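K.L.:
Quick one: the structure is below, and I'll ask about it shortly.
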Amino acid sequence: MQSPLFSHTEQQSQDRYTVQNPQLLRVALTGHDDVLARKGAMVAYQGLMDFDGEIQNQSQRTAHATTGEGLDLMRCSGQGTVYLANLAQYIHVVDVDQDGLTVDSAYVLALDSTLHTEVIAVDSQYGISGSGKYQLNISGRGQVALMTSGQPLMMQVTPDKYVNVDADAIVAWSSSLRVQMQAQTHSSNVRRRRGTTGEGWELNFLGHGFALVQPSEVMPPQGAQIGQGVAAQFGVGQHGAHGQNQNNAWN
């Protein structure tokens with residue numbers, strides 16, 4: 001049998017995480033600690049592997065119940081190789097160091113089990129009730145695999161060059177950055193957004209670090225029911241669920 005498909009063979013690498021192709025992650029477990037992956041993300045594996053649901057502690061369960069932010073993970077252990085993917089999204093491996101990484105949990109595919117996660121709040125510039133955004137702070141030393149809808153843009157933030165990003169397009173940023181959620185206005189009424197432009201909440205970044213942006217303003221439909229037209233139900237900005245709630249409040 002012959003086909004161009006046979007050119008898509010397994011990548012040989014000594015690295016723990018290898019991007020097999022832009023939308024498929026290869027994770028080597030032999031000789032390494034366990035890896036925590038998004039539930040249901042395994043598409044194939046080789047060797048003797050175990051997959052168990054990762055139990056959240058009380059603090060994590062409380063944070064997830066009150067904010068909706070958090071990771072629903074499985075623990076992958078054993079000797080061998082596991083392949084992970086989610087909705088054919090693009091995959092990127094990031095080394096986390098002492099600066100830390102802040103990310104929307106919807107874009108986390110996998111991470112080292114040695115890393116620590118904590119839900120944090122990003123408040124509105126004007127203190128409008130319900131207009132904040134919750135994110136996941138990842139600290140420690142290790143690696144995390146992120147997902148984006150399309151090829152992303154990495155924007156450098158410096159003290160003399162701050163960056164503004166649409167709240168529905170941001171994926172992750174350096175935890176050391178100062179960040180504030182804001183809505184540009186045209187009048188003294190801060191509840192009025194940018195008229196009919198379709199633009200809404202954005203995040204303002206100051207300091208020294210990076211902000212990772214994807215070319216899409218909706219989150220992937222994690223756990224969505226098929227055929228429900230879920231694209232506009234996710235996110236926090238003008239087009240997401242949070243934005244829709246804000247629009248209803250302002251009408």
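K.L.:
Just to verify a number: what accessible area does MET42 come out at with the full protein assembly present, 1.4 Å probe, Å² rounded to tens?
P.N.:
Its heavy atoms expose roughly 70 Å² to the probe.
K.L.:
Then there's this: Just how much of ASP166 is accessible, in Å², when a 1.4 Å probe is used and the result is rounded to the nearest 10?
P.N.:
Roll a 1.4 Å probe over it and ASP166 shows about 30 Å².
K.L.:
Run the numbers for ASP97 and LEU48: contour at 0.36 nm per residue of separation, minus the present Cα-Cα distance, in nm.
P.N.:
Working: separation 49, 0.36 × 49 = 17.64 nm, distance 3.08 nm.
Full extension of this stretch gives 14.6 nm more.
K.L.:
Now for a separate question. Within 10 Å, count the other beta carbons around each residue, average over each peptide in 14-26, 168-180, and list them highest first. Kindly include the intermediate steps, with their values, before the conclusion.
P.N.:
Working: 14-26: 16.6, 168-180: 20.8.
In descending order of packing, they fall as 168-180, 14-26.
K.L.:
Continuing with this model, one more query. If DNA, RNA and ligands are ignored and the probe is 1.4 Å, what is the ranking of GLU217, GLU118 by accessible area, most exposed first? Present the calculation step by step, with values, prior to reporting the outcome.
P.N.:
Values: GLU217 65, GLU118 100 Å².
The ranking, largest first, comes out as GLU118, GLU217.
K.L.:
Provide the FRET efficiency to the nearest 0.05 for the GLN23-ASP160 pair, computing r from the beta carbons and using R0 = 41 Å.
P.N.:
Values: r = 37 Å, r/R0 = 0.89.
In this case the efficiency is close to 0.65.
K.L.:
Which net charge results for the neighbourhood of GLN214, defined as the other residues with beta-carbon distances under 13 angstrom from its beta-carbon, given Lys and Arg at +1 and Asp and Glu at -1?
P.N.:
-4
K.L.:
How charged is the neighbourhood of ALA85? Take every other residue with its Cβ under 15 Å from the Cβ of ALA85, and add Lys/Arg as +1 and Asp/Glu as -1. It would help to have the intermediate numbers written out before the result.
P.N.:
Values: positive: ARG26, ARG38, LYS39; negative: GLU10.
Here the count lands on +2.
K.L.:
Roughly what would the spin-label model give for GLN2 and THR114, points 7 Å off Cα along C-beta, in nm?
P.N.:
4.8
The values are calculated or read from the model by the stated rules, or taken from the named source; none is laboratory data. Owing to the predicted nature of the structure, the values given are computational and were not obtained by experimental measurement. For neighbour counting, all protein chains shown are included, and Cβ atoms are generated from backbone atoms with ideal geometry for every residue, glycine included. Calculation scope for accessible area: heavy atoms of the full protein, side chains included, ligands and nucleic acids excluded. Shrake-Rupley method; radii C 1.70, N 1.55, O 1.52, S 1.80 Å.
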